[in-house]
1. Taking the Cα atoms of segment 121-212, report the difference between the largest and smallest coordinate on each principal axis, in whole Å and largest first.
2. With a point put 7 Å past each Cα toward its Cβ, work out how far residue 191 is from residue 162 in nm, to one decimal.
3. Mind checking which of 66, 43, 80 is farthest towards the positive end of the chain's charge dipole, using Cβ charges of +1 (Lys, Arg) and -1 (Asp, Glu) about the Cα centre?
4. Report the label-to-label distance for residue 104 and residue 173 in nanometres (one decimal), using points 7 Å from each Cα along the Cα→Cβ vector.
5. Only Lys, Arg, Asp and Glu count, each charged at its Cβ (+1, +1, -1, -1), so figure out the dipole size of the chain about its Cα centre, rounded to 20 debye.
6. Ranking request for peptides 116-122, 52-58, 146-152: highest mean number of other beta-carbon atoms within 10 Å first, then the rest in descending order.
7. Is the C-alpha gyration tensor of segment 23-91 telling us rounded, prolate or oblate? Criteria: a/c under 1.5 is rounded; beyond that, a/b larger than b/c is prolate, otherwise oblate.
8. What per residue convex hull volume, in Å³, comes out for the chain when only alpha-carbon positions are used?
Amino acid sequence: MSILYLHGFASGPTSRKARFFAERLEAKGASVQIPDLAEGNFSRLTISRQLQLIEELTGNARQVLIGSSLGGYLAALYAARHASVEKVILLAPAFGFYQLWARALGPEKHAQWARAGTIDVFHYGEGRQAPLGYQFLEDAKQYEPFPNVQQPALLMHGNQDSVVPVEQSLEFVRRHPSARLCRYESGHELTNVLGSMWLEVETFLLGGSDVG
């Protein structure tokens, strides 16, 4: 089984969740890729470029996508556009991404970013502040808040998520009968419930058996 893991915003291939799931899936015989979705150029990041990279990496081959936060939203966007995706696993997926950002920024900071052209954000993967171009937000505006995913989807979300409210996943599941949501007493990172999430992932992919 070929699996592509899509990390979250301002994160990277070495994130704790990425390595946790990759190690366990590879032990089951799966092939797991964890690309740097920014391709080494975080300041020029866009959703469109990340979707293009996913297409380049998968080559339209049959694939399972696992995505965290923004990576979950990307996985849903890509799956809605590519029937080659077999299943999606979405960890605290950032549905309504543009709307969440616009609300968090507020009109004043939004306008300041547009005028300045860049804004400094904390890059968790690099452990430092990094500039992000305004094209990131402008590009995000064109994408639908809740992609029309037809494939089987497993969602996992924390009830105490202050970054992406669990209501976003509840709304997605309401719209998509093929989706199932597991809720946890956790925040956005979900790192305190990795073991419980793995049991769900293992069962969802192939009933807990080897996936090679």
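Bear in mind that the values in this text are calculations on the coordinates, not laboratory data. Predicted model only: the values in this text are computed from it and were never measured. Neighbour counts are summed over all protein chains in view; Cβ atoms, including those assigned to glycine, are modelled from backbone coordinates with ideal geometry.
1. 43, 31, 30
2. For residue 191 paired with residue 162, the spin-label model returns 1.6 nm.
3. 80
4. Between residue 104 and residue 173, the simple spin-label model gives 2.3 nm.
5. Here the size comes out at about 200 debye.
6. Packing proxy ranking, top to bottom: 146-152, 52-58, 116-122.
7. Cα axes put segment 23-91 in the prolate bin.
8. In the chain, the Cα convex hull volume per residue is 108 Å³.
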